[in-house]
Amino acid sequence: MRIPFSDMFMTSPFEGIQEHAEKVKECSWVFQQAIECHFSPKCTTFEEFRDEVVRLEREADAIKRRIRGHIPKRSMTPVSTFLIFRYLKQQDGVLDAVEDTLDWISYRRKTKIPEALEKDFSLLVNAVIDPIEKLTSMVSEARQYFKSYSEKQRVVVKNIIHELHRQEREVDKFEYDIKKKLFNLDIDAVSIMYLVRLAEIIGSIADHAQNAGDMMRAMLSK
C-alpha cells in the first residue's frame, strides 16, 4: 500500500520510547532516595518519595498510552509494532518493579534491614540503578541506528545490551548473597520471608531491564 506523503513526516515511535525511558530513569533516582530513607532511622519522608514514584509512573503510563495510540496510523516504524510493544512492556516493567518494591516496604515499615545486611542491600540497590540508566543510552543509540542503519552504530547498541546482561548477573549474585546470609541470622521467620521477597523484587528490576535489552536485540535483527 502506498504511504501518504504527509505520513513521511510523522514522529518516530522511538522518540516516545526515549521519553518513556527518561521517565524511568527519573523514577530510579527517587527510588534510590526512598531506599536510603528506609535505611535511616531519622528519615521521615519515605512516603513522600513513594508518592513521587507513583506520580512519575502515571506520567510514564500516559507516554506509553500515547505511543500505543499513535503507532498504528501516525508513525513510520522501522520494526514491527509487535516488537515495539514487547520492548515497551519490559521497559515499563522496570517502573512497575520499582513501585512494587516501595509498596512492599510500606506494608511492613517496622521491619528494618538488619545491620549485618545493610551493605548487601545497598549494593543490590546500587546494582539495579545502573541497568536502568543504561536503558536511556540504549534507546538513544538505537534511534541513531534506525536512522542510519550503520553497522558501527549497531555494534554500539549490541554492546550496551551485553552490558545489561553483565549487570543483571551481578544483581543475581547480590540477591543470592542476601538470601544466603538471611537464613543464618537470628531473626523471626516472618522477617526472613519479608526480606527474601524484598531482595527478589529489587532484583526483578534488573530482570526487566535485561529483557528490554533482549527485545531491542530482536529489533536490531529485523
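Coordinate-derived values only; no laboratory data. As the structure is a prediction and not an experimental result, all values here were calculated from the model. We place every Cβ from the backbone using ideal geometry, glycine too, and count neighbours over all the protein chains shown.
Here are a few things to note about the model shown:
- Helical content alone sets the calculated 222 nm signal of the chain at -29000 deg cm²/dmol, taking -39,500 (n - 2.57) per DSSP H segment of four or more residues and averaging over every residue.
- Cysteines without a disulfide-compatible partner [the chain; Cβ-Cβ under 4.7 Å]: C27
- A straight Cα-to-Cα reach below 27 Å connects K152 with the lysines K25, K134, K222, residues fewer than 8 places away in its own chain not being considered.
- Screening the chain for DSSP H helices whose Cα atoms reach 20 Å or more along their own axis and whose mean Kyte hydropathy is at least 0.5 gives 189-220.
- Charge dipole of the range 5-220 about the Cα centre (unit charges at C-beta), most positive-ward option of A199, A189, G93: G93
- For the chain, with +1 on Lys and Arg beta carbons and -1 on Asp and Glu, the positive-most of M216, C43, F31 along the dipole: M216
- By the count of neighbouring beta-carbon atoms within 10 Å, fewest first, V94, V125 end up ordered V125, V94.
- Dipole magnitude for the chain: computed about the Cα centre from +1 point charges on Lys and Arg Cβ and -1 point charges on Asp and Glu Cβ, it is near 980 debye.
- For chymotrypsin sites (Phe, Trp or Tyr not before Pro), the sites in the range 130-170 that DSSP calls loop and that have at most 16 other Cβ atoms within 10 Å are Y149.
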